[in-house]
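The structure appears below as structure tokens.
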Amino acid sequence: MTSSATLPASAPSSAPAPLIRVLIVDDHPMVAQGIQSVLEDHDGIEVVGTLGNGRAVIEQLGTLNPDVILMDLNMPGMSGLTATELVIEQRPGTRVLILSMHDSPEYISSALSHGAMGYVLKDVPTEKIADAIEAVMRGEQYLCTGASCAIAPRNADVPGALTGREQTILLKLAQGLSNKEVAQALDISVRTVETHRKNIKRKLGISSTAGLTRYALEHGMLQGTGIAL
């Protein structure tokens, strides 16, 4: 009887880790291109696109399917804060990393309270941006050295703190938009805006629109929106 030799089992091949899909959003093309050129040299990162404003992010979110979005704050059309909240609302698995020139605690706190997982200043060494991307992809919050002075969100210690959606609506009301204009901007019904508005007033103990505007100013919510205070 002829015996057949048993071949040694081949070691299982380890598949390479999937690339982190990164979208860069900045209204300064030279900044976006500079970041892109650095990240493209990183083995674990794929830049899936560069966009110049927040509204374009929302429109192309499903097509580009990024894992991490590098988001500027001050952009025309739709601010980085509003875009961040809408991204998190529509695709909760997407990580948003703010990339900004502003280093004040108010800016940083506002970004984190709107759902960003990290904050990086534009003057950091560019290789640190890759470190930040990898950190937020692991589910960690990342603050660069210059942003480590960030404080907790301004309303974190307020009873009945506002939700992210309520913060966005409060911000738009403080900018002077009517209920109808807020509804159109966020693609929701006027009745929904009215309900949120009542809840905001109840939570904050504020009865007037002027009071809501004053609250937004005092808590730094209008910083990072491009609005001159």
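Among the residues of region 184-214, how many are among the basic types (Lys, Arg), crowded, with 16+ Cβ neighbours inside 10 Å and in contact (Cβ under 8 Å) with a residue 40 or more places away in the chain? Walk me through it before giving the result.
Applying the first criterion (among the basic types (Lys, Arg)) to region 184-214 yields 191, 197-198, 201-203, 214.
In the following step, the residues that additionally are crowded, with 16+ Cβ neighbours inside 10 Å were identified as 197, 201, 203.
Okay, now just the ones that are also in contact (Cβ under 8 Å) with a residue 40 or more places away in the chain, so 203.
The total comes to 1.
Just the residues that are part of a loop (DSSP other than H, G, I, E, B), surrounded by 15 or more Cβ atoms within 10 Å (Cβ to Cβ) and over 14 Å from the mean Cα position of the chain (by Cα), please, taken from region 48-73.
Narrowing region 48-73 to residues part of a loop (DSSP other than H, G, I, E, B): 52-53, 65-67, 72-73.
Restricting the remaining residues to those that are surrounded by 15 or more Cβ atoms within 10 Å (Cβ to Cβ) gives 52-53, 66-67, 72-73.
Listed by number, the list holds a single entry, GLY52.
If we scan region 102-122, do we find a residue that is loosely packed, with under 14 Cβ neighbours inside 10 Å, outside any strand (DSSP E or B) and at pLDDT below 90?
Checking region 102-122: not a single residue is loosely packed, with under 14 Cβ neighbours inside 10 Å, outside any strand (DSSP E or B) and at pLDDT below 90.
Inspect all residues belonging to region 10-22 and state whether any of them is of a type outside the set (Val, Ile, Thr) and modelled with pLDDT of 95 or more. Let's see the steps before the verdict.
Residues of region 10-22 of a type outside the set (Val, Ile, Thr): 10-19, 21.
From the residues that got through so far, the ones that are modelled with pLDDT of 95 or more too are 21.
Yes, because at least one residue in region 10-22 is of a type outside the set (Val, Ile, Thr) and modelled with pLDDT of 95 or more.
Restricting attention to region 163-183, report how many residues are of a type in the set (D, E, K, R) and open to solvent by 30 Å² or more (accessible area, probe 1.4 Å). Quick ask: steps written out before the conclusion?
Residues of region 163-183 of a type in the set (D, E, K, R): 165-166, 172, 180-181.
If we keep only those that are open to solvent by 30 Å² or more (accessible area, probe 1.4 Å) too, we end up with 165, 180-181.
Number satisfying all stated conditions: 3.
Is there a residue in region 149-165 that is in contact with a strand residue (DSSP E or B) (Cβ under 8 Å, 6 or more places away or on another chain), modelled with pLDDT of 80 or more and not in a helix (DSSP H, G or I)? Give the derivation first.
Taking region 149-165 as the starting set, the residues that turn out to be in contact with a strand residue (DSSP E or B) (Cβ under 8 Å, 6 or more places away or on another chain) are 150.
Subset that is modelled with pLDDT of 80 or more: none.
Checking region 149-165: not a single residue is in contact with a strand residue (DSSP E or B) (Cβ under 8 Å, 6 or more places away or on another chain), modelled with pLDDT of 80 or more and not in a helix (DSSP H, G or I).
Pairs only if they're at least six apart or on different chains, beta carbon under 6 angstrom, first in region 65-89 and touching a residue at least 60 places away in the same chain (Cβ under 8 Å), second among the acidic types (Asp, Glu); list them, first residue then second.
Every condition considered, the pairs that remain are MET75/ASP27; GLY80/ASP72.
Any idea which residue in region 74-99 is modelled with the lowest pLDDT, counting only those that are under 17 Å from ILE133 (Cα atoms) and assigned to a loop (DSSP other than H, G, I, E, B)?
Residue satisfying both the conditions and the ranking: PRO92.
The values are calculated or read from the model by the stated rules, or taken from the named source; none is laboratory data. In this text, all values refer to a predicted model and were calculated from it rather than measured experimentally. When we count neighbours, we look across all protein chains shown, and the Cβ atoms used for this are built from the backbone with ideal geometry, even at glycine. Keep in mind that these areas ignore ligands, DNA and RNA; they rest on the heavy atoms of the full protein, side chains included. Shrake-Rupley method; radii C 1.70, N 1.55, O 1.52, S 1.80 Å.
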